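The values are calculated or read from the model by the stated rules, or taken from the named source; none is laboratory data. Being a predicted model, the structure only gives us computed values, none of them experimental. Positions of Cβ are backbone-derived with ideal geometry, glycine not excepted, and every protein chain shown enters the neighbour counts. With ligands, DNA and RNA removed, areas are computed over all heavy atoms of the protein, side chains included. Shrake-Rupley method; radii C 1.70, N 1.55, O 1.52, S 1.80 Å.
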Amino acid sequence: MSHFFKNLIITIQACLLVYFSYCGDNKQQTGRENSTKEGAIFHGFIKDFQQGDLVGVHFDRDFVAIASMEEQPLTNSFEFTVEPNADGTFEFSLPKFDHFPKLYLTFKRGKKNHLIGDNFIVESGDDINVKLEIVNNDLISSFDGQGSAKYNCSVLFNKIGFLLAGYIFPEGQNYSNLPFEQRLDYGFDRSQHFGFYVDSILDKFKSRINPVVYKIMRNEINDALRDYLEFIINIAYQSPRTFPEVKERIKGKYFTVYRQKIDTSLSSIMLLSQYSIVFVLHETITDLRIRNDRKPTYREILTELKKEYTGVLLDKTIAQLFFNPFIYQGPLVDVNPLQYDSCIYEALQIVKTPYLKSAFDQRLVLGRGRQAHDFEYMDSTGEKVRLSDLKGKVVLMDCWYTGCTGCAIFYKMLRDSIEPYFKDNLSFKIISVCTDNSEAKWRKSIYSGIYTSPGNSLNLYAGRNNDLLSYYHESALPFILLIDREGKIVCKITGTFSTIKKIIKQTLEN
């Protein structure tokens with residue numbers, strides 16, 4: 001489904017994860033101190049271990065999607081693979097933290113990847129024993145140790161992750177043919193009932209939950225239910241079947257019944273949540289969309305955020321707007337790359353939080369008119385090519401890696417919409433830069449037709465650890481940059497291909 005619905009399910013999971021961390025018995029480990037002091041440690045055992053089994057770890061220390069923040073107190077995320085010992089045991093630890101980061105664990109056997117847990121909430125002092133077993137091709141996982149209850153809850157909830165969808169829209173009834181007004185009314189009533197149901201469960205165990213964590217959970221549940229309604233509303237506004245008079249009625253009901261004003265008195269709690277900030281931004285975008293009956297622009301969203309919020313809450317929400325690829329590369333915003341560029345400068349004047357301000361300052365290397373990084377990489381014939389060798393041409397640089405779904409989607413649109421339009425223009429060149437960790441993998445992917453083409457693009461190999469992404473402080477791929485004839489940056493490419501085509505055409509004419 002859409003990103004809205006995915007966030008909903010993930011958030012409900014996150015809420016119940018924290019709640020169960022204080023419910024039930026948390027077995028205390030004896031004779032072992034947490035080696036990470038303020039962090040967390042994990043010990044695992046794989047029953048019927050097989051050679052080649054791997055455990056994948058992805059750890060989000062901070063939810064704002066900012067790369068190259070190593071020198072800052074909060075880095076965005078990191079991931080690694082754990083290779084078990086010959087007896088099936090494994091161990092890994094997580095560094096110290098002072099809030100509630102997220103953990104994603106996977107188990108790989110052969111060609112199949114199994115999800116151990118999606119969106120675990122980690123607490124300082126967690127000392128966890130993990131047991132894994134494959135039964136009838138399904139992964140069975142269990143946890144014990146200090147802080148283990150929330151992990152077991154997460155695994156359980158992953159199995160019933162679509163509980164909310166099934167509760168609000170039960171199977172056996174066709175809701176797609178209902179008028180959107182009726183769907184909205186029905187969805188609102190059922191989501192309210194679901195919210196009461198979850199609240200009643202949480203209230204029974206309130207005394208066993210860390211009070212701060214309890215507030216985070218309750219706030220995230222409210223955000224999740226509200227976000228689900230926004231998902232339905234956005235469908236209504238995108239549908240050609242929704243007549244103007246129906247939109248007006250939905251609009252009136254949204255602002256008088258469905259829309260719940262965000263309680264900014266909870267801002268300190270919201271700042272501890274990885275998802276509350278996203279929901280603040282989603283709600284702002286939905287408000288603007290319904291009010292104006294179109295996608296909002298960066299400028300409109302930024303202006304609205306400044307009116308509604310202050311302090312670190314405002315800073316983190318602005319950072320989400322500009323750095324979260326699900327927002328700036330997604331379907332929520334009227335993306336204009338040139339406006340994105342100008343708004344970065346405005347955001348730099350607003351944001352006061354030091355590490356976020358530093359991230360916006362780093363973004364200035366992508367500012368219009370800045371000299372592009374003059375990289376040098378090997379082409380498919382083994383020759384070295386520098387960006388400056390192409391001076392005099394307008395360059396569209398597409399940075400990708402094998403296995404990147406977004407990279408494949410972008411290339412397909414590039415192949416169908418951009419290459420045919422500019423194929424006869426000798427002043428335009430597409431550079432395809434691969435960041436695979438293997439040159440052999442890169443060469444194979446060139447001829448796969450999935451990420452690039454050997455004939456229409458200049459294919460270069462940068463490797464995994466390259467100076468290009470480091471220079472631009474980028475980690476999310478694809479990373480696409482338009483460079484003018486003088487080797488200066490025009491803009492980072494986002495948005496629709498009609499907009500991109502227009503900007504390329506203007507750059508060639510200038």
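FRET efficiency for the Ser93 to Leu54 pair, using the beta carbon distance and R₀ = 30 Å, is estimated at 0.95. Placing +1 on each Lys and Arg Cβ and -1 on each Asp and Glu Cβ, with no other charges, gives region 343-460 a dipole about its Cα centre of roughly 220 debye. Backbone N atoms of region 447-476 closer than 20 Å to the 7 Å Cα→Cβ label point of Glu376 belong to residues 458-472. Rg/Rh for region 401-471 (Cα atoms only, Rh after Kirkwood) is 0.97. Within the assembled protein chains, the solvent-accessible surface assigned to Met378 is about 40 Å², based on a 1.4 Å probe. Comparing Cα centroids, region 351-383 and region 417-468 end up 19 angstrom apart. Between Glu245 and Leu508, the modelled labels are 4.8 nm apart [label points 7 Å from Cα along Cα→Cβ]. Calculated FRET efficiency, Asn210 to Ser417, Cβ-Cβ distance, R0 = 60 Å: about 0.70 to the nearest 0.05. Modelled spin labels at Lys384 and Ser358, positioned 7 Å past Cα toward Cβ, are 3.3 nm from each other. Glu383 sits with roughly 110 Å² accessible to a 1.4 Å probe, with DNA, RNA and ligands left out of the calculation.
Residues His193, His99, sorted by accessible area with the largest first, give His193, His99 [1.4 Å probe; ligands and nucleic acids excluded]. With R₀ set to 45 Å, the beta-carbon distance separating His193 from Asp293 gives a calculated FRET efficiency near 0.90. Whole-percent P(r), region 356-504, all Cα pairs, 10 Å bins from 0: 11, 44, 38, 7, 0.
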